[in-house]
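The values are calculated or read from the model by the stated rules, or taken from the named source; none is laboratory data. It should be emphasised that the depicted structure is a prediction, and the values quoted were computed from it without experimental measurement. Positions of Cβ are generated from backbone atoms using ideal geometry, with glycine treated the same way; all protein chains shown enter the neighbour counts.
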Amino acid sequence: MNQNPFNPGYFNENELKEFGIKSVGKNVLIAKNCTIVGLENISIGNHVRIDGFSTITATSSGYLNIGSYIHIGGYCAIFAGAGVEMQDFSGLSQGVKIYSTSDNYSGSVMTNPTVPENYTGVIRKPIHIGKHSIIGSQTIVMPGVVIAEGCAIGANSLLTKNTEEWSIYFGSPAKRLKSRNKEILKLEKELLGINYK
């Protein structure tokens with residue numbers, strides 16, 4: 001069999017179980033050229049795809065909980081040392097960076113992971129990404145941010161504060177621009193086979 005050397009392929013849910021993932025649903029694909037540390041702290045629902053060259057770390061007390069119907073684009077980075085949760089139908093476009101931990105840049109403490117912890121002041125706050133939220137390419141999300149249900153974050157944004165439900169944000173730092181259409185809630189019910197009233 002002649003395999004295309006430019007396409008490394010994907011691991012599926014059966015292989016992820018063999019590798020020791022905490023939990024995984026059906027129809028899950030993770031590109032073989034991703035870097036994942038802390039697989040035992042990662043839970044994934046159904047219908048999830050993580051594309052190539054993404055990096056995920058969920059070490060020590062960290063965790064990553066990914067719901068169902070979620071896509072994580074290529075070259076994303078999720079640093080889940082303090083915990084990251086992605087609810088159903090949320091997603092990350094290419095190159096998004098999620099930081100649940102960050103060095104303290106004030107100068108009052110030392111920085112970087114090679115310095116013993118008692119000399120650093122690492123900020124550790126979990127991140128929550130609500131249902132139907134989408135985060136645009138190259139956006140950065142800082143520790144402790146709660147992205148409310150239905151939010152859309154424009155490309156190249158810097159998100160440092162919590163958002164309001166069903167809103168569109170953009171900029172550095174990100175600011176609310178306007179409300180977002182909720183038509184996708186009807187489509188969700190249709191997709192899941194529930195009659196919409």
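Tabulated values for the structure
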read-out: Boolean, Gly67 is buried (at least 16 other Cβ atoms within 10 Å of the Cβ), under 16 Å from Ile36 (Cα atoms) and touching a Lys or Arg at 6+ places or on another chain (Cβ under 9 Å); value: no
read-out: Members of the range 168-197 that are among the hydrophobic types (A, V, I, L, M, F, W, C) and loosely packed, with under 11 Cβ neighbours inside 10 Å; value: Leu192, Ile194
read-out: Search result, residues across the range 71-85 that are out of contact with any Lys or Arg (no Cβ under 8 Å at 6 or more places or on another chain) and either polar (S, T, N, Q) or closer than 16 Å to Leu29 by Cβ (or both); value: Gly73, Gly74
read-out: Residue match in the range 83-91 (condition: touching a residue at least 12 places away in the same chain (Cβ under 8 Å) and surrounded by fewer than 16 Cβ atoms within 10 Å (Cβ to Cβ)); value: no
read-out: Close pairs (7 angstrom Cβ cut-off, 6 or more residues apart or separate chains): surrounded by 12 or more Cβ atoms within 10 Å (Cβ to Cβ) in the range 6-17, among the basic types (Lys, Arg) anywhere; value: Pro8/Lys32; Gly9/Lys32; Tyr10/Lys32; Phe11/Lys32; Glu13/Lys26
read-out: Strands (runs of 3 or more DSSP E) lying entirely in the range 96-197 (those with 3 or more residues that are in contact (Cβ under 8 Å) with a residue 24 or more places away in the chain and more than 24 Å from Ala77 (Cα to Cα)); value: none
read-out: Hits in the range 149-167 - residues which are crowded, with 19+ Cβ neighbours inside 10 Å and of a type in the set (Val, Ile, Thr); value: Ile153, Thr163
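Residue-wise test of (1) at pLDDT 95 or above; (2) in contact with a strand residue (DSSP E or B) (Cβ under 7 Å, 6 or more places away or on another chain); (3) hydroxyl-bearing (Ser, Thr, Tyr); (4) under 16 Å from Gly83 (Cα atoms).
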position: Asn112; (1), (2), (3), (4): no, no, no, no
position: Ile127; (1), (2), (3), (4): yes, yes, no, yes
position: Gly130; (1), (2), (3), (4): yes, yes, no, yes
position: Pro143; (1), (2), (3), (4): yes, yes, no, yes
position: Ala148; (1), (2), (3), (4): yes, no, no, no
position: Lys161; (1), (2), (3), (4): yes, no, no, no
